[in-house]
Amino acid sequence: MGSLCVLVASVLWGTTGTAATFAPAVGPLAIGAAAMGLGGLLQALVAAPRIVRETSALRAQRGVVTLGALSVGAYPLAFYSSMHLAGVAAGTVVSIGSAPLASAVIERVVDKRSLTRRWMIGAALGLSGTVLLCLAEAARAESGSGAHSAQTIVLGVGLGLLAGFTYALYSWAAHRLISRGVTSGAAMGTVFGLGGLLLLPVLLATGAPLLDSWSNAAVGAYMALVPMFIGYVLFGWGLAHVPASTATTLSLLEPAVAAVLAVLVVGERLPLLGWLGIALVVGCLAVLTTPSRAAAKARANTGSREDSGAQLHRATAPGSATVVAATEPGEA
């Protein structure tokens with residue numbers, strides 16, 4: 001269920017690129033600040049009762065909370081600017097594709113978590129598929145007046161790496177809070193609420209085009225409510241059950257969904273290489289979400305013990321028809 005929550009969140013995030021095409025006059029900073037800022041504040045508002053109840057636990061982890069909030073504030077600005085400068089394909093691939101590796105490094109250095117063979121195989125498939133998808137879209141894009149210059153591409157890739165690192169960082173921070181007893185609602189509401197506050201000045205400075213038309217306002221509202229609010233609520237639930245490195249690897253579904261929506265909604269064409277990349281991403285998800293034999297055996301053993309305990313409880317319960325052998329003299 002944790003993996004499923006992350007996958008559904010990734011599908012919602014994959015709709016942002018297509019949604020942004022309906023508001024071409026809105027800049028990347030405004031889109032990012034509106035989506036993540038308003039979505040984060042809404043998370044904090046919904047989770048306010050939990051945040052109040054768990055204030056002491058959050059204060060005890062104020063360093064992790066601060067780190068997560070700063071990362072939330074930086075991520076959308078870097079992510080949407082990367083897509084604007086380097087192109088949607090390259091920006092998305094670098095941002096999302098670098099996050100699993102950054103998460104693995106953070107968990108290895110800070111938490112001393114060892115990387116499993118399954119994660120390495122899944123990450124290799126997912127990253128390979130994402131790179132193929134990027135190459136396919138780059139090959140499809142025509143060079144000309146609208147082509148990105150080498151300098152802007154380099155800057156866009158650099159911002160994409162920053163986005164991937166900050167994504168991994170706030171995912172790790174949220175998982176750290178949850179693993180130390182904070183509920184997912186309070187953890188995500190606090191981290192994203194504070195991050196949303198940091199994004200408010202950017203929104204006030206750049207968000208005027210969002211109010212120029214109903215279509216622009218609708219895009220901003222959709223981005224804040226669906227991909228960011230609902231998506232990150234699901235992501236928080238997922239982080240309660242899977243490591244941050246696994247969650248960020250599962251989110252490699254996002255660029256695949258974005259590519260499919262570009263074909264179905266926007267009318268773009270995806271070469272065979274791109275469909276092969278999507279197939280590799282699906283293979284990555286299958287590797288990471290299929291229960292292992294050890295896990296299945298453990299659940300089976302747990303179920304057997306629970307069944308045995310239930311049978312014993314029924315046998316010894318008052319009014320049970322089962323006769324239990326006497327263990328004391330004179331006991332009936």
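Please report the carbon-and-sulfur percent of the accessible area for region 1-68; probe 1.4 Å, protein heavy atoms only, DNA, RNA and ligands left out.
The nonpolar share, carbon plus sulfur, comes to 72 percent.
Across region 121-132, in residue order, what do the Karplus-derived ³J(HN,Hα) couplings come to in whole Hz, using 6.51 cos²θ - 1.76 cosθ + 1.60 with θ = phi - 60° and x for Gly and Pro?
After applying 6.51 cos²θ - 1.76 cosθ + 1.60, I find 5, x, 5, 4, 5, x, 5, 4, x, 5, 5, 4 Hz.
Under the Karplus relation 6.51 cos²θ - 1.76 cosθ + 1.60, θ = phi - 60°, what is the ordered set of whole-Hz ³J(HN,Hα) values for region 194-199, x standing for Gly and Pro?
5, x, x, 4, 5, 8
Through the Karplus equation 6.51 cos²θ - 1.76 cosθ + 1.60, θ set to phi - 60°, convert the phi angles of region 167-184 into ³J(HN,Hα) values in whole Hz; use x for Gly and Pro.
Whole-Hz 3J(HN,Hα) from phi for region 167-184: 4, 5, 5, 6, 5, 5, 4, 5, 5, 5, 4, 5, 5, 9, x, 7, 5, 4.
In region 62-133, what trypsin sites (Lys or Arg not before Pro) fall in a loop by DSSP, with at most 10 other Cβ atoms inside 10 Å?
Those satisfying the criteria are Lys112.
Please find the FRET efficiency linking Val109 to Ala57, where r is the Cβ-Cβ separation and R0 is fixed at 30 Å, and quote it to the nearest 0.05.
Computed FRET efficiency for Val109 and Ala57: 0.75.
How many nm is it between the label spots at Val263 and Trp214, if each spot is 7 Å from the Cα in line with the beta carbon?
Result: 3.4 nm between the two label points.
If I compute solvent accessible area with a 1.4 Å probe over the protein chains, what percent of it on region 145-288 is carbon and sulfur?
In region 145-288, the share of accessible area belonging to carbon and sulfur is 74 percent.
The values are calculated or read from the model by the stated rules, or taken from the named source; none is laboratory data. It should be emphasised that the depicted structure is a prediction, and the values quoted were computed from it without experimental measurement. Note: ideal-geometry Cβ built from the backbone for every residue, glycine included; neighbour counts use all protein chains shown. Surface accessibility is based on the protein's heavy atoms, side chains included, excluding ligands, DNA and RNA. Shrake-Rupley method; radii C 1.70, N 1.55, O 1.52, S 1.80 Å.
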